[in-house]
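Take a look at the structure below.
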Amino acid sequence: MTTVYFVRHAQSDYRSGSDRERGLTAEAMEDRKIVLDFLRDKPVDAFWCSPYRRSLDTIREAAEHFGLPIRTDERLRERETAPGGNVRELFRKRWADFDWHEPGGECLRSVQERNIAALTEILEAERDKTLVIGTHGTALSTILNYYDPSWNCDSFLRVIDWMPFVAELDFEGTRYLSRTERVHVEKIFKQ
């Protein structure tokens with residue numbers, strides 16, 4: 001069996017940097033210790049991550065604890081965003097139609113397809129291991145929806161303020177077995 005701990009990043013510091021380079025708030029830098037405390041006694045074999053700084057920063061301390069490198073995969077990145085509109089209304093519109101996106105944005109189907117392609121390759125390469133994958137709220141939600149279609153917009157909005165959030169998914173090869181929500185810290189989602 002392969003166990004994957006998906007770690008949604010801690011709270012982003014929206015005051016600086018591009019989406020890719022945006023780091024964590026000072027409080028979030030402390031919150032990432034919760035991720036380390038959760039993972040500390042797990043038999044972690046490998047760390048994978050989105051190339052975005054906030055995801056890397058969230059799992060970096062845990063990777064250092066285990067003495068393991070963090071491998072990045074561009075396909076694990078968050079949804080390409082575009083400015084404008086009521087954020088929660090846009091979330092509902094995207095979830096109602098996985099092919100819809102605002103001009104300059106990316107549809108959820110595209111996010112899901114590239115994340116699942118990356119995850120499938122990782123599962124094939126890391127069979128029967130325990131993995132940590134640093135991720136994002138939308139990216140993780142599209143993965144959860146792929147394996148469990150009942151994970152929908154309301155599910156996404158239920159966890160939108162969970163930063164960091166750790167979800168465990170278990171697989172036999174690439175076959176999905178189960179999901180367990182493990183750890184979360186409630187923070188206000190800001191955009």
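Looking at S141, S55 in this structure, which one is open to solvent by less than 30 Å² (accessible area, probe 1.4 Å), assigned to a helix (DSSP H, G or I) and free of Cβ contacts under 8 Å to residues at least 24 places away in the same chain?
From the options S141, S55, the qualifying one is S141.
Are there any pairs with C-beta distances below 8 angstrom linking a residue in region 15-37 that is among the β-branched types (V, I, T) to a residue that is part of a helix (DSSP H, G or I) and surrounded by fewer than 17 Cβ atoms within 10 Å (Cβ to Cβ), with the two at least 6 apart or on different chains, and if so which?
Close Cβ pairs (under 8 Å, with a partner that is part of a helix (DSSP H, G or I) and surrounded by fewer than 17 Cβ atoms within 10 Å (Cβ to Cβ)) amount to V35/E61.
Just one of the numbered conditions (1) open to solvent by less than 20 Å² (accessible area, probe 1.4 Å); (2) more than 24 Å from S155 (Cα to Cα); (3) not small (G, A, S) is not true of H65; which one?
Going through the list (1) open to solvent by less than 20 Å² (accessible area, probe 1.4 Å); (2) more than 24 Å from S155 (Cα to Cα); (3) not small (G, A, S), H65 breaks only (1).
Just need a number here: residues in region 167-191 that are within 30 Å of G17 (Cβ to Cβ) and without any contact (Cβ under 8 Å) to a residue 24 or more places away in the chain.
1
Those residues that are open to solvent by 70 Å² or more (accessible area, probe 1.4 Å), touching a Cys at 6+ places or on another chain (Cβ under 7 Å) and in contact (Cβ under 8 Å) with a residue 60 or more places away in the chain, I need them from region 92-138; list them, please.
R92
Restricting the search to region 75-91, which residues are out of contact with any helix residue (DSSP H, G or I) (no Cβ under 7 Å at 6 or more places or on another chain), outside any loop (DSSP other than H, G, I, E, B) and open to solvent by less than 80 Å² (accessible area, probe 1.4 Å)?
Within region 75-91, V87, L90 qualify.
Exactly one of (1) out of contact with any helix residue (DSSP H, G or I) (no Cβ under 7 Å at 6 or more places or on another chain); (2) closer than 13 Å to V7 by Cβ is unmet by D45. Its number?
Every listed condition holds for D45 apart from (2).
Going by the conditions given, is R71 in a strand (DSSP E or B), among the basic types (K, R), touching a strand residue (DSSP E or B) at 6+ places or on another chain (Cβ under 7 Å) and more than 24 Å from A26 (Cα to Cα)?
When the stated conditions are applied, R71 passes them.
For region 153-191: of the residues being in a loop (DSSP other than H, G, I, E, B) and surrounded by 15 or more Cβ atoms within 10 Å (Cβ to Cβ), which is nearest to the chain's Cα centre (by Cα)?
Ranking the qualifying residues of region 153-191, first place goes to I160.
How many of the residues in region 1-46 are over 30 Å from E172 (Cα atoms), aromatic (F, W, Y) and surrounded by 21 or more Cβ atoms within 10 Å (Cβ to Cβ)?
0
Give me the residue from region 109-148 that is touching a strand residue (DSSP E or B) at 6+ places or on another chain (Cβ under 6 Å) and of a type in the set (S, T, Y) and, out of that set, nearest to F98 (Cα to Cα).
Among residues in region 109-148 that are touching a strand residue (DSSP E or B) at 6+ places or on another chain (Cβ under 6 Å) and of a type in the set (S, T, Y), the one nearest to F98 (Cα to Cα) is Y147.
The values are calculated or read from the model by the stated rules, or taken from the named source; none is laboratory data. It should be emphasised that the depicted structure is a prediction, and the values quoted were computed from it without experimental measurement. Neighbour counts are summed over all protein chains in view; Cβ atoms, including those assigned to glycine, are modelled from backbone coordinates with ideal geometry. Keep in mind that these areas ignore ligands, DNA and RNA; they rest on the heavy atoms of the full protein, side chains included. Shrake-Rupley method; radii C 1.70, N 1.55, O 1.52, S 1.80 Å.
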